[in-house]
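Okay, structure first, notes after.
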Amino acid sequence: MLRVVSWNINGIRSPLQAVGYQESSNCSAVAMARILDKLDADILCLQETKVTRDVLTEPLAIIEGYNSYFSFSRNRSGYSGLLRIPCLSPGVATFCKDSATPVAAEEGLSGLLATQNGDVGCYGNMDEFTQEELRALDNEGRALLTQHKIRTWEGKEKILTLINVYCPHADPGKPERLAFKMHFYRLLQIRAEALLAAGSHVIILGDLNTAHRPIDHWDAVNLKCFGEDPGRKWMDGLLSNLDCQDGSQVGPFIDSYRCLHPKQEGAFTCWCTVTGARHLNYGSRIDYVLGDRTLVIDTFQDSFLLPEVMGSDHCPVGAVLSVSSVPAKQCPPLCTRFLPEFSGTQLKILHFLVHRKQDPVFKQSALQLSNPTQVRMRQNKIRMRSTRPRPSQGGSSRGQKKLMSYFQPSSSCLQASPNLELPSLGALVTPKTPEDKVIAKMVEGQAKASEAKGEKEVQTSFWKSVLGGPLPMPLCGGHREPCVMRTVKKPGPNQGRHFYMCSRPRGPSTDPSSRCNFFLWSRPS
């Protein structure tokens, strides 16, 4: 059996923090290995890694028992979900067990990033794109191909190519990104069909950033022109519609999950973390495992979602195939263990600053050499102490004075008036009984307490009158519960304004436990 898993991790460090990741290199290696063991995948495809080559660390890239392949963004900034985040590249990565080592690996879809050594090949006709367009589509690090040898239950060896993709998101406010997304879709389809024509089986898996059918989106009935979305139309042409008996919609690929679970509702893979929509499963299915028709029908045993796995706004998806992997004898050149900074041919400045453990023999010899030196230093200290001048013991004025000597009464003042008589204490203070002393202490304590309390109340009332203090949160109309304050981030006349809304997680309007539609602008400060 061959188990493949895909997961948009929304930053490779996010799931590591969920399993106890710290800044230590050993901890990050252990956490990454724990994730791989938990998912138990022969081939794990990750999207939105948000790392560039200069910040990728060896413990994250090289895990014992696996060989990994990364595609990095070559741009200064990248798109992630709904926002453009500077210096955070999308990036994809593929981890293969040593028992599923690929025979070839390649970055990008166009072939412009190929090194002609260990590449997958089979690019198809891309004349409809210019060289600048192809380079722009590949420069964001959104596609990574690995090619494997598999053996069927009949004993036949075949070629299987996995295309790990993180498709762009179409921001409604940026029409140029919609065009970029559709160009990426078109390039992906050309490359996949070229691989099929060359005799290879193909699996496209990853985040396609489009919910194909209404059953894949919780609020599809309220979306305008749901079926007219360009991304959904593209998927209609790519995928075969198994429900269509006349054969009018027969694409080269099959959605493996809908093939094995055609009527499963609430099968979502992505939720909005800001609104807490995951609590009520208010999301969409935009992560897929697509396989060519022959491969899915003949070898796919299961296709699954793992919504219980936390650490990202997406959940892992995967499939199980009734084939076995035939590992290559050597990893392709794209493998991260061959990168100069990890293979030892190129040293980073960090190597010269990291404290390394000394060899026991060297440490012992260093101690032996240091013993005579320590003896000489101690002898020199003793000589210095013996030759240092000490203050006289007779209490001369040249000796060092103590701080308390400045607070003692001067002897000259006492000698100036020897006959001065001070009145006795009994003449000034009237003797009191023990009961009187206790009462006096109680009265004095109460007076001090009331005085301090009164002073505190005066200060509190003064500052309240000056500052006013925060106003209580208004109650939402649907549940009569305290609201939460939010800030408008969308560009426009209301950007930066505060408003109140229901604090419950987002969900369907028919669910009384979900967020109500209460809205109230906050008063200007």
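Applying the selection to segment 401-432, what residues are modelled with pLDDT of 70 or more and either among the charged types (D, E, K, R) or open to solvent by less than 90 Å² (accessible area, probe 1.4 Å) (or both)?
Passing the criteria: 401, 402, 405.
Against the definition (buried (at least 19 other Cβ atoms within 10 Å of the Cβ) and closer than 25 Å to residue 299 by Cβ), how does residue 160 come out, yes or no? Outline the logic, then answer.
Values: buried (at least 19 other Cβ atoms within 10 Å of the Cβ): yes; closer than 25 Å to residue 299 by Cβ: yes.
Yes; evaluated as a whole, the condition is true for this residue.
Specify which of the listed residues (253, 268) is surrounded by 13 or more Cβ atoms within 10 Å (Cβ to Cβ), aromatic (Phe, Trp, Tyr) and farther than 30 Å from residue 132 by Cα.
Working: 253 fails: farther than 30 Å from residue 132 by Cα.
Just a single option satisfies the conditions, and that option is 268.
Which of the residues spanning segment 211-222 are open to solvent by less than 10 Å² (accessible area, probe 1.4 Å) and either in a loop (DSSP other than H, G, I, E, B) or over 19 Å from residue 265 (Cα atoms) (or both)?
Scanning segment 211-222 gives a single hit, 211.
Any residue in segment 297-326 that's crowded, with 21+ Cβ neighbours inside 10 Å: show its pairings with residues that are assigned to a loop (DSSP other than H, G, I, E, B) and acidic (Asp, Glu) at Cβ separation under 6 Å, as long as the two are six or more apart or on different chains.
Pairs that qualify, where the first residue is crowded, with 21+ Cβ neighbours inside 10 Å and the partner is assigned to a loop (DSSP other than H, G, I, E, B) and acidic (Asp, Glu): there are none.
Looking only at residues in segment 247-289 that are among the basic types (Lys, Arg) and in a loop (DSSP other than H, G, I, E, B), which one is nearest to the chain's Cα centre (by Cα)?
First, the residues of segment 247-289 that are among the basic types (Lys, Arg): 258, 263, 278, 285.
Going one step further and asking which of them are in a loop (DSSP other than H, G, I, E, B), we end up with 263, 285.
Values: 263: 33, 285: 21 Å.
In this case the residue turns out to be 285.
So which residues in segment 144-172 are among the aromatic types (Phe, Trp, Tyr) and more than 25 Å from residue 230 (Cβ to Cβ), if there are any at all? Quick ask: steps written out before the conclusion?
The initial filter retains those residues of segment 144-172 that are among the aromatic types (Phe, Trp, Tyr), namely 153, 166.
Within segment 144-172, 153 is the sole residue that qualifies.
The values are calculated or read from the model by the stated rules, or taken from the named source; none is laboratory data. Here the structure is a predicted model, which means the values were calculated and not measured. All Cβ positions, even for glycine, are placed from backbone atoms using ideal geometry, and neighbour counts span all protein chains on display. To get the accessible areas, we keep the full protein, side chains included, count just its heavy atoms, and leave off ligands, DNA and RNA. Shrake-Rupley method; radii C 1.70, N 1.55, O 1.52, S 1.80 Å.
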